[in-house]
Amino acid sequence: MDHREELETADDLQELARGFMDSCIFLTALKLDVFNKMGDENKSTEQLAGDLGTDERGLDRFLNALVVLGLVDKRRDKFSNTKLTRKYLLEDSPHYITNLMHVVHRWDSWSTLADSVREGGTVYERPTGKEGDKRTESFISAMNYGALKRAEEFIQLIDIESVKRFLDIGGGSGAYSIALVRANPQLQATVFDLPKVIPLSKEYIKDAGFEERIETIEGDYHHDDFGEGYDLTLFSQIIHSNSPKENRKIIKKAFSSLNVGGRLVIQDFILDEDRTAPPRAVLFALNMLVATEGGDTYTEGEVREMMESVGFTDIKRIDTDQNTTLMVGCK
Ligand SMILES: C[S@@+](CC[C@H](N)C(=O)[O-])C[C@H]1O[C@@H](n2cnc3c(N)ncnc32)[C@H](O)[C@@H]1O
């Protein structure tokens, strides 16, 4: 998400205002499951309306708009996926992008942005029940999609050779634990996450074949202890969900979880001191405004202060190639 060119004309403002339309069309296609229902075939509107359970007239206008965006081809009144959508948007493709349904869901919370700005925090009512479960699953799948690459870089940037016990707080799919046990045969990992998430974590761990070396703990990091005896504790994409006060509390628990000489790594989007760069971190602050009570993106100074306040020393900043920063502190 690198940022837009400079705005200079009235037309630029018009274009910016209408920018939501393209995104709305794309996300709606994902929501309706248009690409998967089209699969490898050329289908008429009538066929697709039957497959999708939509109105034919509505769908026809919608498919024509997808053609304009370059997301669908149209030949002799039949529609088909493009090379790009076949590669990335079909569930059975090895290149399938698994985090886009989560973007569809974020659109719901982002629609409350004006009220969140008025109120200073989330006003969004999260779906519960079956829809809530579906969203948790697509959230964890989206997190896993981003974490796979980041975990590979993590093990290059953080020395894990001497680590015997690794604690992954809010570990989600276990992507970091899986990468660490794979890279270091001496290492045992623990994924700590909410009770609704741990059954999903177990699936990912089982699929990777590491049930023996990665244990899971169901817990709430605000209310439960983290245990002790760890050499390395990770908060990856955790602190942005919480207020500074909540973060100080959980960083203190991380300190207690570590052996002397152990390290805490906090991975997140880190803001420059004036909070207007880098763009992704600035926009992510809004993501947390619409979705949480007190979450935010933080500056390096703020994260250092949180870490120092509970006793971490020798704090270092390491920027990754994927828009995140690792803040590493020693006990
Ligand atoms: C943004 S995801 C990050 C997942 C993973 N660490 C990564 O970097 O890909 C936040 C994780 O924290 C977990 N989480 C949120 N609130 C929690 C809480 N109160 N206690 C324990 N885990 C929590 C979520 O279930 C989710 O797995």
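The values are calculated or read from the model by the stated rules, or taken from the named source; none is laboratory data. All figures in this text were calculated on a predicted structure; none of them were measured in a lab. In this analysis, Cβ positions are derived from the backbone assuming ideal geometry, glycine residues included, and neighbour counts consider all displayed protein chains. Ligands, DNA and RNA are stripped out before the accessible areas are found, and what is left, the full protein with its side chains, is counted by its heavy atoms. Shrake-Rupley method; radii C 1.70, N 1.55, O 1.52, S 1.80 Å.
Does region 112-132 contain at least one residue that is open to solvent by 30 Å² or more (accessible area, probe 1.4 Å), farther than 18 Å from Met288 by Cα, acidic (Asp, Glu) and within 16 Å of the ligand (Cβ to nearest atom)? Within region 112-132 (the criterion being open to solvent by 30 Å² or more (accessible area, probe 1.4 Å), farther than 18 Å from Met288 by Cα, acidic (Asp, Glu) and within 16 Å of the ligand (Cβ to nearest atom)), the answer is no, since none of the residues qualifies.
Checked against the criterion of being within 28 Å of Ala147 (Cβ to Cβ), part of a loop (DSSP other than H, G, I, E, B) and basic (Lys, Arg), the candidates Arg126, Arg86, Arg106 yield just one match: Arg126. For the residues Thr320, Thr292, the requirement of being at negative phi, touching a Ser or Thr at 6+ places or on another chain (Cβ under 7 Å) and among the hydroxyl-bearing types (Ser, Thr, Tyr) singles out Thr292.
Filter region 179-224 down to residues that are within 15 Å of the ligand (Cβ to nearest atom) and of a type in the set (Phe, Trp, Tyr) and give me whichever is nearest to Ser138 (Cα to Cα). Ranking the qualifying residues of region 179-224, first place goes to Tyr204. Against the criterion of being closer than 16 Å to His223 by Cα and surrounded by 15 or more Cβ atoms within 10 Å (Cβ to Cβ), Phe284 does not qualify. When the residues of region 250-266 are filtered to those that are part of a strand (DSSP E or B) and in contact with a strand residue (DSSP E or B) (Cβ under 8 Å, 6 or more places away or on another chain), which remaining residue is farthest from the ligand (Cβ to nearest atom)? Top of the filtered list is Gly261. Scan region 155-175 for residues that are near the ligand (Cβ under 10 Å from one of its atoms), more than 23 Å from Val260 (Cβ to Cβ) and either aromatic (Phe, Trp, Tyr) or not in a loop (DSSP other than H, G, I, E, B) (or both) and the total you get is 1. Residues in region 157-167: is at least one under 21 Å from Asn323 (Cβ atoms), open to solvent by 30 Å² or more (accessible area, probe 1.4 Å) and modelled with pLDDT of 95 or more? Within region 157-167, one or more residues are under 21 Å from Asn323 (Cβ atoms), open to solvent by 30 Å² or more (accessible area, probe 1.4 Å) and modelled with pLDDT of 95 or more.
Residues to consider are Glu46, Glu6, Glu15; find the one that is open to solvent by 70 Å² or more (accessible area, probe 1.4 Å), not aliphatic (A, V, I, L, M) and not in a helix (DSSP H, G or I). It is Glu6. There is at least one residue in region 259-279 that is under 18 Å from Ile169 (Cα atoms) and open to solvent by 40 Å² or more (accessible area, probe 1.4 Å).
Results for (1) at positive phi; (2) in contact with a Leu (Cβ under 7 Å, 6 or more places away or on another chain); (3) hydrophobic (A, V, I, L, M, F, W, C), shown as yes or no for each residue.
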position	(1), (2), (3)
Tyr96	no, yes, no
Leu100	no, yes, yes
Val104	no, yes, yes
Thr128	no, no, no
Lys134	no, no, no
Glu137	no, yes, no
Ile140	no, yes, yes
Arg150	no, no, no
Gln156	no, no, no
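Within region 224-249, restricting attention to residues that are in a helix (DSSP H, G or I) and open to solvent by 30 Å² or more (accessible area, probe 1.4 Å), the residue that is nearest to Gly132 (Cα to Cα) is Ser241.
Those residues that are part of a loop (DSSP other than H, G, I, E, B) and either open to solvent by 90 Å² or more (accessible area, probe 1.4 Å) or modelled with pLDDT under 95 (or both), I need them from region 182-223; list them, please. Once the filter is applied, which keeps residues that are part of a loop (DSSP other than H, G, I, E, B) and either open to solvent by 90 Å² or more (accessible area, probe 1.4 Å) or modelled with pLDDT under 95 (or both), region 182-223 yields Pro185, Gln186, Lys196, Glu211, Glu212, His223. When you look at Leu59, is it surrounded by 18 or more Cβ atoms within 10 Å (Cβ to Cβ) and either touching a strand residue (DSSP E or B) at 6+ places or on another chain (Cβ under 8 Å) or closer than 24 Å to Ser138 by Cα (or both), yes or no? No. The set of residues in region 290-317 that are touching a residue at least 40 places away in the same chain (Cβ under 8 Å) and open to solvent by 40 Å² or more (accessible area, probe 1.4 Å) comprises Glu293, Asp296, Glu302, Ser309, Arg317. Of the residues making up region 25-43, those that are in contact (Cβ under 8 Å) with a residue 60 or more places away in the chain and open to solvent by less than 90 Å² (accessible area, probe 1.4 Å) are Leu27, Leu30.
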